[in-house]
Amino acid sequence: MARKDAASKITLKVITGVGTDGKTIYKNRTISGIAPTLTDTDALAIGKEFAGLQKHGLGMLIRTDSAVLED
């Protein structure tokens, strides 16, 4: 089995406010083109740096990896 076209992205889930029901409102900011070989520790550090550029606070950071698998 071969793995090719691997890619990663980081999604920042930022807190944009509180709804009338008292629940937190989130918006997603996605950064694509992250090297799939990047360690989770480094991805977290990069995500936090990007979050620092946002006017809203960071609620969660999500890393998504994808690749094509072939025989």
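Which value in Å is the Kirkwood Rh of the chain over different Cα pairs? Over the chain, the inverse of the mean reciprocal pair distance is 13.5 Å.
Mean residue ellipticity at 222 nm, helices only, the chain: -6000 deg cm²/dmol; runs of at least 4 DSSP H residues each add -39,500 (n - 2.57), and the sum is divided by the number of residues. Here's the picture: charge each Lys and Arg Cβ at +1 and each Asp and Glu Cβ at -1 in the chain, and of ALA7, PHE50, THR20 the one pushed furthest to the positive end of that dipole is THR20.
In order along region 51-63, phi translates into HN-Hα couplings of 4, x, 7, 8, 7, 9, x, 7, x, 6, 10, 10, 9 Hz, rounded to whole numbers, per the Karplus curve 6.51 cos²θ - 1.76 cosθ + 1.60 with θ = phi - 60° and x for Gly and Pro. Between ARG3 and PHE50, the C-beta separation translates, for a Förster distance of 30 Å, into a calculated FRET efficiency of about 0.65. In the full protein context, the chain carries 72 Å² of accessible surface per residue, based on a 1.4 Å probe and ignoring ligands, DNA and RNA.
For THR16, the amide hydrogen comes within under 5 Å of the amide hydrogens of ILE25, TYR26, LYS27, counting only partners 5 or more places away or on other chains and with H modelled in the peptide plane.
Suppose every Lys and Arg Cβ carries +1 and every Asp and Glu Cβ carries -1, with no other charges. What dipole size does the chain come out with about its Cα centre, to the nearest 20 debye?
On the way: 10 positive and 8 negative charges, 81 e Å.
The calculation lands at about 380 debye.
Ordering of 23-34, 7-18 by packing is 7-18, 23-34, highest average first (other Cβ atoms within 10 Å, averaged per residue).
The values are calculated or read from the model by the stated rules, or taken from the named source; none is laboratory data. Keep in mind that what you see is a predicted model, and the values were worked out from it rather than measured. No Cβ is skipped: glycine too gets one built from the backbone with ideal geometry, and neighbour counts run over all protein chains shown. Side chains are part of the model used for accessible areas, which takes the heavy atoms of the whole protein and leaves out ligands, DNA and RNA. Shrake-Rupley method; radii C 1.70, N 1.55, O 1.52, S 1.80 Å.
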